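Engineer: Take a look at the following structure, please.
Bear in mind these aren't lab numbers, they're just calculated from the coordinates by the rules spelled out. Since this is a predicted model, take the numbers as computed values, not measurements. Because the Cβ atoms are built from the backbone with ideal geometry, glycine has one as well, and the counts that use them run over all protein chains shown.
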Amino acid sequence: MEIEVEGATLTLLPEKAVFWKDKKMLLLSDLHLGKAGHFRKHGIPVSRKVHLSDLQVLGTLIDQHRPKSVLLLGDLFHSFENNEWNDFLEFLNVFDSTYFTLVEGNHDILSDYPKSLN
């Protein structure tokens, strides 16, 4: 579905993301990567596949829309660093020609978060 906001045409995607065609920018929020690992640390069995599925969906969106940049609008990661952080770093290497920027949310509590992720 396309909408116009202040002269900008935005495509609302079913994957809960927005593509801004004129800027070649993909916008999304609240990925909460690492949530499964956080729950596992606290004895709640949540499959790592949930996290990997989220990265797969993001990768598919990048492949389909070919954005120059991805703007992550908060809550990229759920809590403290765990193994899922390494998966995300590997993901960034796969899409090294795409510029990622993080606008920190309340869950983005890692002390070494770069604002620009590549």
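Engineer: Find how much the distance from Thr101 to Val5 grows on full extension, using 0.36 nm per residue of separation minus their present alpha carbon separation; answer in nm with one decimal.
Structural biologist: 32.4 nm is the gain from fully extending Thr101 to Val5.
Engineer: Further question on the same structure: May I ask you to derive the FRET efficiency for Asn93 and Ser29 from their Cβ-Cβ distance with R0 = 22 Å, giving the value to the nearest 0.05? Walk me through the numbers on the way to the answer.
Structural biologist: On the way: r = 23 Å, r/R0 = 1.03.
The value I calculate is 0.45.
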